[in-house]
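To start, the structure under review is shown below, and the notes come after it.
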Amino acid sequence: MMEKKQGKLLKIYIGESDKYGGKPLYKYILELAKKEGIAGSTIFRGMAGFGKTSVIHSTSILRFSTDLPILIEIVDLQEKIDHLKGLICEVMEDGELTGGLITEEKVDILFYRGNEKQ
């Protein structure tokens, strides 16, 4: 059965080498989202990208990068995303990172409830 609701998609752009509390920042954010009961989150590792410094980080064989771009997508209802965004902003301000970017957009969420008899 499908249920449709209005929600938010939060996108967080960071580098692979960014850390918080001694662990990779992307992993910390994923665990935080799970702890806060968020509907879903996915982490993507980019092949190439650049940020405010305009330094290109890539998977080029000639130049092995240890700081590839990371994109974290988190989706849920607006209230839950707004709460989580506040927590993530605090973490990013206190973390060891070279820079970051957060975007958000309104989305239609289609919840598919699985067959509970499985």
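The values are calculated or read from the model by the stated rules, or taken from the named source; none is laboratory data. What you see is a predicted model; the values in this text were computed from it and never measured. Note that each Cβ is placed from the backbone with ideal geometry, even for glycine, and that neighbours are counted across all protein chains shown.
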(request) Quickly run through segment 1-48 and pick out the residues that are free of Cβ contacts under 8 Å to residues at least 24 places away in the same chain and assigned to a strand (DSSP E or B). (result) Lys23, Pro24, Ala48
(message) Checking the structure you have, find out if any residue of segment 99-109 is small (Gly, Ala, Ser), under 16 Å from the mean Cα position of the chain (by Cα) and at pLDDT 90 or above.
(response) no
(request) Could you please find all residues in segment 13-28 being of a type in the set (Gly, Ala, Ser) and over 18 Å from Thr103 (Cα atoms)? (result) Ser17, Gly21, Gly22
(message) Given the criterion at pLDDT below 80, at negative phi and among the small types (Gly, Ala, Ser), identify the matching residue among Ser65, Ser54.
(response) Ser65
(request) Give the residues of segment 74-98 that are more than 12 Å from the chain's Cα centre (by Cα), within 15 Å of Gly40 (Cα to Cα) and surrounded by 16 or more Cβ atoms within 10 Å (Cβ to Cβ), sorted by residue number. (result) Asp76, Lys80
(message) Here's a check for you: in segment 3-35, which residue that is out of contact with any strand residue (DSSP E or B) (no Cβ under 7 Å at 6 or more places or on another chain) and surrounded by fewer than 16 Cβ atoms within 10 Å (Cβ to Cβ) is nearest to Gly49 (Cα to Cα)?
(response) Lys27
(request) Please determine, by comparing only the residues of segment 87-114 that are without any contact (Cβ under 8 Å) to a residue 40 or more places away in the chain and not in a loop (DSSP other than H, G, I, E, B), which one is farthest from Gly15 (Cα to Cα). (result) Glu90
(request) Would you check which residues across segment 69-110 are more than 15 Å from Pro24 (Cα to Cα) and in contact with a helix residue (DSSP H, G or I) (Cβ under 9 Å, 6 or more places away or on another chain) and list them? (result) Ile74, Val75, Asp76, Leu84, Leu87, Ile102, Glu104, Lys106
